[in-house]
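Before any comments, here is the structure.
Any read-out appearing in this document is the output of simple, stated calculations on the displayed coordinates, not a laboratory observation. For clarity, every value in this text was computed on a predicted model and none was experimentally measured. Here Cβ is always computed from backbone atoms with ideal geometry, including for glycine, and neighbour counts include all displayed protein chains.
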Amino acid sequence: MQAGFKGVFDCKKLNVPTLIIHGDDNQIVPIAASAHAAVKLAPRARLRVLPGRSARPVQYPQGPDQRRSAGVPEVVSNGLFDKERIMILEKLLYTAKAHTTGGREGGAFHSDDGRLDVKLSPLGGPGAGISPEQLFAAGWSACFLAAIKLVAGKKKVTLPADVAIDAEVDLGTTHGVFGLAARLNVSLPGMDRQAAQALVETAHQVCPYSRATRGNIDVTITVV
């Protein structure tokens, strides 16, 4: 799908009870005229703004009590649409700060505490630098592994000592628009496969990186 608004699609034909409005960067301003037609067509449908073909509609529990019990953040409404649900932090645990110069092409960034001082190189090219995608892969996999340990602790499941994650993050384009895709390959040696799969699926719901990217990029989580 090309950039920009292309229309309103009734996803009930795809067995998904959601209307999807495709646009760029979740912008709904350019489609106000068509929005009224969509509401008239399906007045009870939940409207979502999704940025491209890889985005997947998400069904949320209906009713405020059910949403709260399921851990779904409250909806911020602009009067016509329900905007993307945004989790507002109630308790701040940590803030990471980094200063970046130069961008991808020979740039660098460092953290405010001096522990991280990194040079960047373009898309894994030659040189001593690394790419933002490598940093993202490292951060997500570390967070996901922490989520696995958290879930295992709550379920009283013993993890293998050599549990590990191999993360891959792709940078690419669709119709000229840049986007990401990711794969997390989780290794839980010696663990029952069904139990490992259940553990990983629950961790995917808990990990804040997974929550932040859900519905935005194509993500594959595999137990290897």
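Amide H contacts of ILE130 (H built 1.01 Å from N, in plane; Pro and chain starts excluded): LYS119, LEU120, SER121 sit under 5 Å, all sequence-distant by 5 or more or on other chains. Amide H contacts under 5 Å for VAL223: VAL186, restricted to partners 5 or more places along the chain or on a different chain, H placed in the peptide plane at 1.01 Å from N. Database remark: amide H of GLY215 closer than 5 angstrom to the amide H of ARG56 (H placed geometrically; neighbours at sequence offset of 5 or more, or on other chains; Pro and chain starts carry no H).
All other residues whose Cβ lies under 12 angstrom from that of GLN205 are scored, Lys and Arg at +1 and Asp and Glu at -1, for a net of +1.
Residue ranges 101-112, 197-208 sort as 197-208, 101-112 when ordered by packing (mean number of other C-beta atoms within 10 Å per residue, highest first).
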